[in-house]
Amino acid sequence: LFSGRVEFLLSAPQLKFLPDPTVPEIAFCGRSNVGKSSLLNALTGRKAIARASVTPGRTQELNFFEVGEPTLFRLVDMPGYGFAKAPVKVVERWKNLVKSYLRGRQVLARNLVLVDSRHGLKEVDREMMRMLDEAAVGYRIVLTKADKIKASDLERVANSVADEARKHPAAFPELHLTSAEKGMGIAALRAAVVADALG
Ligand code: GDP
């Protein structure tokens with residue numbers, strides 16, 4: 001399915017620029033540098049459908065990509081969070097945009113919360129998870145860059161993240177362990193995304 005059409009649709013800096021809610025949406029979020037662009041590229045089999053966080057302005061927008069011909073669903077690249085140097089105003093704007101999108105978007109079928117395998121959950125991730133819990137948007141937790149750490153460390157981080165996930169009402173209990181670089185876990189995650197969107 002992803003081998004068919006995947007096309008950038010638009011960037012929405014504010015809610016009024018959202019596309020018409022005509023198809024299901026699967027949204028991706030995570031801290032800046034978590035590997036979100038790499039994962040989106042790996043899932044879609046494109047080299048650069050999502051450009052690695054280049055233009056600072058662009059990082060505050062919701063980026064929509066359409067999948068299928070005719071369009072079956074959309075992938076939504078949410079702005080990265082937890083950027084240490086972000087001014088308070090920028091963070092506030094981000095929260096407002098994301099919160100209203102999560103609460104008001106009827107077609108939002110699932111969220112994917114990306115977490116760096118080396119770091120595990122940080123406070124900003126927990127905050128994101130609470131926002132998703134409150135908006136009652138079901139989410140999968142995806143550990144990224146799994147190739148970067150030893151198997152024993154990966155297991156330890158995965159267990160601790162899974163323990164926490166169980167306390168969050170909207171989180172799926174099973175994690176996805178992935179490496180965009182090595183292709184690990186990508187096919188399974190792609191299947192889960194398609195099932196979430198169309199199931
Ligand atoms: P974004 O800011 O969340 O979009 O993150 P990027 O996709 O730009 O990735 C941030 C950095 O991590 C880049 O240098 C990537 O090459 C690297 N990276 C992303 N995914 C992986 C992975 O699976 N394995 C390894 N080793 N590096 C990765």
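Laboratory data are not the source of any read-out in this text; all were calculated from the coordinates shown. In this text, all values refer to a predicted model and were calculated from it rather than measured experimentally. All Cβ positions, glycine included, derive from the backbone under ideal geometry; neighbour counts span all protein chains shown.
Numerical summary
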read-out: Within segment 60-90, chymotrypsin sites (Phe, Trp or Tyr not before Pro) in DSSP loop having at most 12 other beta-carbon neighbours inside 10 Å; value: none
read-out: Electrostatic dipole magnitude of the chain [Cβ: Lys, Arg +1; Asp, Glu -1; Cα centre; debye, to 20]; value: 460 debye
read-out: Under the span-like rule (Cα at least 15 Å along the axis, Kyte-Doolittle mean at least 0.0), DSSP H helices of the chain; value: 186-198
read-out: For segment 78-150 and segment 162-191, distance of Cα centres in Å; value: 14 Å
read-out: Pair-distance profile P(r), taking every C-alpha pair of segment 6-198, with 5 angstrom steps and integer %; value: 1, 8, 18, 22, 23, 17, 9, 3, 0, 0
read-out: Selection from Thr71, Ser117, Tyr139 lying farthest towards where the dipole of segment 6-198 points positive, charges on Cβ; value: Ser117
read-out: Loop sites in segment 116-164: trypsin sites (Lys or Arg not before Pro), DSSP, at most 12 other Cβ within 10 Å; value: Lys150
